[in-house]
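Here the structure is laid out as structure tokens; the discussion comes afterwards.
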Amino acid sequence: MTTNTPPAPPSDTPPALAGRREWIGLALIALPCAVYAMDLTVLNLALPAISADLHPTPSQLLWMIDIYGFLVAGFLITMGTLGDRIGRRRLLLIGAAAFAAASTLAAYAHSAEALIALRALLGVAGATLAPSTLSLIRNMFHDERQRQFAIGIWITAFSVGSAIGPLAGGVLLQWFHWGSVFLAAVPVMLLLLLLGPAFLPEYRDPQAGRIDLPSVALSLGAVLPLIWGLKQFAEHGAVPSAFAAVLVGLGVGLLFVRRQGRLAYPLLDLGLFRRAAFSAALTTYALSCLAMFGVYIFMTQYLQGVLGLSPLAAGLATVPWALSFVVGSLAAPRLARRWPAHQLLASALLMSAIGFALLLLTNHERATLPVMIFATIVMSLGMAPVFTIGTEIVVTSAPPERTGAASAMAETASEFSGACGIAIFGSLGTLLYRERLLAALPQEVPLSSATAAGASLGGALNTAAGLPEAAGSALRHAAGLAFTDALHAVAAAGGVLLLIAAVLVRRMLTPRGDGQSA
């Protein structure tokens, strides 16, 4: 079996259809993607048990959660290019072995420092999964319809992993030690290691140069401060450390980009951005992630803090959203056969914007819960084709030998946009919530409680619990109204972003008279 990318078939020869081996291979690479997504959320449930066992400091607890996502984001571009060089299957199997080993060690960690270090290793290993698996799909499925369906399955794996992560973690923690949330990944990775060589083909760039280590260092120096700074903005507002981190990240990022322009085999191929389809799809993907993540953090708080749902009931209320995303992802290839990409993506973005607009019909009464659930269904059904077809455009508009790098760019755009959505929307929404609450603060609430109540919805509810019944009830009502106003503002902003994305994708992907995209 050759390790080089096969030549493209002649234009008059229809692409070969994938067979049983390719579909089994798709199932194999979907499983670790689900585990990767689960690992982003499952640790949150285990924190109380970890705290009781390892006695970490508050700062160590935050690093246990954050270090995984930070290093995934930091190493995505490096791993995408490395896969193009050494082979995408080889990198995937190396990452799977490292993920299984780190998960096993993390399950039996005896100190907070050890667990943080192992979570960091999990992040590095996790960064191999998305670009390797997506680029393999590009090379396994040459028929456009099959490839779109395969990418829909790939995206669905991430969605399912995110949805079942808290549920699976809760079941494991109910009966087993906290380390079980890490051990759950081991059988999946071992299955990939066992069957991967038989069902996954190997592809690499036969003309790939050496990995430029200074570029690796610069990419980490750009990504990590940016992600950390955006997270600081989301959690603490416009603090000096957040500004400093973002400025450092942007400065190092500029140096990184300038260096790529001088390399024969760059870590980030800037030439890809000269392809209109690539730029349009990547921009649309990024704007959609920004809007979705920005609104999602308010919706989860709204369900519990405003509507008063229990954690279980709030989780169940998000199930229709997750299921709709799965349905939309699987239906996207069929829709793509009926409409051109520019029409499908623009229509899907418009539909999702309508879902965002429906959130404006909610209020602080639980009677509007069905409205919110319906809004999330519309949002998901519209957003899913954007991710599925947009991702397919990103990976197919790149040359076959650079698919790994293109896949990594799509994932990096998702990570950055999600962080930006949380930071920007979170900061603006929190500011609006504070102003609305303080302007309508009931007279029964002492001014000494105003600062804590205005900091967050959770702070208002905790403050209300310590006040006399009348004052506490008045504060909860005012906080609910203020937070609902903030949710409406964030939803409106997200809807506008999606409308902008719809206009951009319509203009940039509409074919010209010569058959090329605009």
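The values are calculated or read from the model by the stated rules, or taken from the named source; none is laboratory data. Predicted model only: the values in this text are computed from it and were never measured. No Cβ is skipped: glycine too gets one built from the backbone with ideal geometry, and neighbour counts run over all protein chains shown.
What to note about this one:
Here is a yes/no grid of residues against (1) more than 25 Å from the chain's Cα centre (by Cα); (2) of a type outside the set (A, V, I, L, M, F, W, C):
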| position | (1), (2) |
| --- | --- |
| 403 | no, yes |
| 409 | no, no |
| 421 | no, yes |
| 426 | no, yes |
| 434 | yes, yes |
| 444 | yes, yes |
| 452 | yes, no |
| 455 | yes, no |
| 468 | yes, yes |
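- Residue 406 being in a helix (DSSP H, G or I) and surrounded by 20 or more Cβ atoms within 10 Å (Cβ to Cβ): yes
- Tally, over the stretch 287-302, of residues that are crowded, with 21+ Cβ neighbours inside 10 Å and either outside the structural domain of residue 364 (by TED's automatic domain parsing) or among the aliphatic types (A, V, I, L, M) (or both): 6
- Residue 301 meets the conditions (1) farther than 30 Å from residue 478 by Cβ; (2) at pLDDT below 90 in every case but one. The failed one is (1).
- Inclusion of residue 192 among residues that are in contact with a Leu (Cβ under 6 Å, 6 or more places away or on another chain) and at pLDDT 90 or above is warranted.
- Scanning the stretch 111-131 for residues being at pLDDT 85 or above and closer than 17 Å to residue 80 by Cβ gives a total of 6.
- Boolean, residue 467 is assigned by TED's automatic domain parsing to the domain that holds residue 351, part of a loop (DSSP other than H, G, I, E, B), over 30 Å from residue 281 (Cβ atoms) and of a type outside the set (D, E, K, R): yes
A quick yes/no check of all residues on (1) assigned to a loop (DSSP other than H, G, I, E, B); (2) within 17 Å of the chain's Cα centre (by Cα); (3) without any contact (Cβ under 8 Å) to a residue 40 or more places away in the chain:
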| residue | (1), (2), (3) |
| --- | --- |
| 93 | no, no, no |
| 96 | no, no, no |
| 110 | yes, no, no |
| 133 | no, yes, no |
| 152 | no, yes, no |
| 157 | no, yes, no |
| 169 | no, no, no |
| 174 | no, no, yes |
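- The set of residues in the stretch 266-278 being crowded, with 18+ Cβ neighbours inside 10 Å and part of a helix (DSSP H, G or I) consists of 272, 277, 278.
- Counted residues, the stretch 190-249 - those being in a loop (DSSP other than H, G, I, E, B) and within 16 Å of residue 408 (Cβ to Cβ): 5
- Taking the stretch 330-352 as the range and being more than 16 Å from residue 143 (Cα to Cα) and crowded, with 24+ Cβ neighbours inside 10 Å as the test, the residues that pass are 345, 346, 348, 349, 352.
- Considering the stretch 185-218, and only residues there that are within 27 Å of the chain's Cα centre (by Cα) and without any contact (Cβ under 8 Å) to a residue 24 or more places away in the chain, the residue that is surrounded by the fewest Cβ atoms within 10 Å (Cβ to Cβ) turns out to be 213.
- Verdict on residue 475 being more than 30 Å from residue 347 (Cα to Cα) and touching a residue at least 12 places away in the same chain (Cβ under 8 Å): yes
- Every test in (1) more than 29 Å from residue 266 (Cα to Cα); (2) of a type outside the set (Phe, Trp, Tyr); (3) touching a residue at least 12 places away in the same chain (Cβ under 8 Å) is passed by residue 77 save one, and that test is (1).
- Test set (1) over 30 Å from residue 483 (Cβ atoms); (2) not in a helix (DSSP H, G or I) - residue 335 fails condition number: (2)
- Among (1) surrounded by 23 or more Cβ atoms within 10 Å (Cβ to Cβ); (2) free of Cβ contacts under 8 Å to residues at least 24 places away in the same chain, the one test that residue 182 misses: (2)
- When residue 463 is tested against the conditions (1) surrounded by fewer than 23 Cβ atoms within 10 Å (Cβ to Cβ); (2) without any contact (Cβ under 8 Å) to a residue 60 or more places away in the chain; (3) among the polar types (S, T, N, Q), the lone failure is (1).
- Among the residues of the stretch 304-329, the one identified as buried (at least 18 other Cβ atoms within 10 Å of the Cβ) and without any contact (Cβ under 8 Å) to a residue 12 or more places away in the chain is 304.
- Among the residues making up the stretch 39-59, those that are in contact with a helix residue (DSSP H, G or I) (Cβ under 8 Å, 6 or more places away or on another chain), surrounded by 13 or more Cβ atoms within 10 Å (Cβ to Cβ) and at pLDDT 80 or above are 49, 50, 51, 54, 56.
Residues are listed down the side, and each one gets a yes or a no for (1) modelled with pLDDT of 85 or more; (2) among the polar types (S, T, N, Q); (3) under 21 Å from residue 233 (Cβ atoms); (4) not in a helix (DSSP H, G or I):
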{"site": "426", "(1), (2), (3), (4)": "no, no, yes, no"}
{"site": "431", "(1), (2), (3), (4)": "no, no, yes, no"}
{"site": "445", "(1), (2), (3), (4)": "no, no, no, yes"}
{"site": "473", "(1), (2), (3), (4)": "yes, yes, no, no"}
{"site": "481", "(1), (2), (3), (4)": "yes, no, no, no"}
{"site": "484", "(1), (2), (3), (4)": "yes, yes, no, no"}
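- The stretch 351-389, subset in a helix (DSSP H, G or I), touching a Ser or Thr at 6+ places or on another chain (Cβ under 6 Å) and not aliphatic (A, V, I, L, M), residue nearest to residue 302 (Cα to Cα): 368
- Residue list for the stretch 195-241, filter: modelled with pLDDT under 85 and under 27 Å from residue 400 (Cα atoms): 203, 204, 205, 206, 207, 208, 209, 210, 211, 212, 223
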